[in-house]
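Engineer: Structure in structure tokens, see below.
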Amino acid sequence: MKYLIINGSPRRKNTYKIIKQAESDLDGEFEEVHLIEKQIPMCLGCMNCIVVGEDKCPHHDKVQPIIEKMRECDGIIISSPVYALNVSALLKNFFDHTAYLYHRPQFFTKKALVVVSTAGAGHKKVAKYIDETLRHWGINKVYKISLACGGKESLETSKIDKEAIRFKKDVESRKLYSPKFGDVFYFNLWKSLAVSDEPIEADAEFWKGTGLVNCDYGPEVKLNILKKLFAKIIFKFFKSVM
Ligand SMILES: Cc1cc2nc3c(=O)[nH]c(=O)nc-3n(C[C@H](O)[C@H](O)[C@H](O)COP(=O)(O)O)c2cc1C
């Protein structure tokens, strides 16, 4: 198995220690991307990634190699310390550069492990936010390790191991889970926008080019009859009002 680690902490301390403990429970190859070393400039808000295409982002040479690595791996480990009750600016800046993935979800066969460390507060909320972002990208299943490290000498290894082993077994099984209704909702909302009379150029190209325009959800993932029906209703509704 190939694992990609995207580390949103600028240093290799609490968050990194949790990553390393989790890594010890996994078998395979590991590649580390430390966002601090990538020096991705702040998102300029030009909207190019969303409107014209991600290759037109002024920082695409720094961002797209990471996206390529995400495509090539079996499991993604993505981490952040809690900063002012949110993710680190490093990880938020990466998320801003990947905002187009909300419009163009695509990682339907990938699983992720979210790692968050904090001194005392905000870890659950931040892990939930990262989970939400990854689901918008299309990621199939997200595991979470969020720990308060303040005042503790040693890591809560049993908590880390338990979740890391669940993640490992799942990645190795290659099982794909049925998406949540919310995921089916957003997929069909974006799909309907892409086929509207005045679509966003890059969205239209993506949805038609990948053939996703003909799917109720990522084609690799099975939907039960209820979710299929829900997908069609959402698509028809937004298509009629766009
Ligand atoms: C700029 C900054 C903001 C922080 N904000 C919070 C916070 O809101 N709540 C909290 O409990 N800890 C906060 N912390 C503490 C870190 O979340 C905590 O020490 C974390 O484990 C650091 O991870 P690292 O060792 O990977 O850098 C903050 C630390 C820094 C440097």
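The values are calculated or read from the model by the stated rules, or taken from the named source; none is laboratory data. The structure displayed is predicted, hence computed values, not measured ones. Methodologically, a virtual Cβ is constructed for each residue, glycine included, from the backbone with ideal geometry; neighbour enumeration extends over all protein chains shown. Heads up: the accessible areas ignore ligands, DNA and RNA and are worked out on the full protein's heavy atoms, side chains in. Shrake-Rupley method; radii C 1.70, N 1.55, O 1.52, S 1.80 Å.
Engineer: State all residues of segment 167-194 that are open to solvent by 40 Å² or more (accessible area, probe 1.4 Å) and not in a helix (DSSP H, G or I); if no residue qualifies, say none.
Structural biologist: ARG174, LYS175, LEU176, TYR177, SER178, LYS180, listed by residue number.
Engineer: Here is a follow-up. Go through segment 134-184 and give me each residue that's at positive phi and under 17 Å from the mean Cα position of the chain (by Cα).
Structural biologist: GLY138, the sole residue that qualifies.
Engineer: Name the residues in segment 115-145 that are surrounded by 22 or more Cβ atoms within 10 Å (Cβ to Cβ), within 12 Å of the ligand (Cβ to nearest atom) and among the small types (Gly, Ala, Ser), would you?
Structural biologist: Once the filter is applied, which keeps residues that are surrounded by 22 or more Cβ atoms within 10 Å (Cβ to Cβ), within 12 Å of the ligand (Cβ to nearest atom) and among the small types (Gly, Ala, Ser), segment 115-145 yields only SER117.
Engineer: Next question. Touching a residue at least 60 places away in the same chain (Cβ under 8 Å) and either open to solvent by less than 50 Å² (accessible area, probe 1.4 Å) or in a loop (DSSP other than H, G, I, E, B) (or both), is that true of PHE235?
Structural biologist: Working: touching a residue at least 60 places away in the same chain (Cβ under 8 Å): no; either open to solvent by less than 50 Å² (accessible area, probe 1.4 Å) or in a loop (DSSP other than H, G, I, E, B) (or both): yes.
Here the answer is no, as PHE235 does not meet what is asked.
Engineer: If only one of GLY75, GLY53, GLY138 is touching a Pro at 6+ places or on another chain (Cβ under 6 Å) and under 30 Å from GLY209 (Cβ atoms), which one is it?
Structural biologist: It is GLY138.
Engineer: A further question on this structure: Looking at GLY138, GLY122, which is the one that is more than 30 Å from ALA231 (Cβ to Cβ), assigned by TED's automatic domain parsing to the domain that holds ASP27 and not aliphatic (A, V, I, L, M)?
Structural biologist: One residue alone meets the criteria, GLY122.
Engineer: Still on this structure, I have one more. Take GLU163 and tell me if it is assigned to a helix (DSSP H, G or I), touching a residue at least 40 places away in the same chain (Cβ under 8 Å) and open to solvent by 60 Å² or more (accessible area, probe 1.4 Å).
Structural biologist: So GLU163 fails the test.
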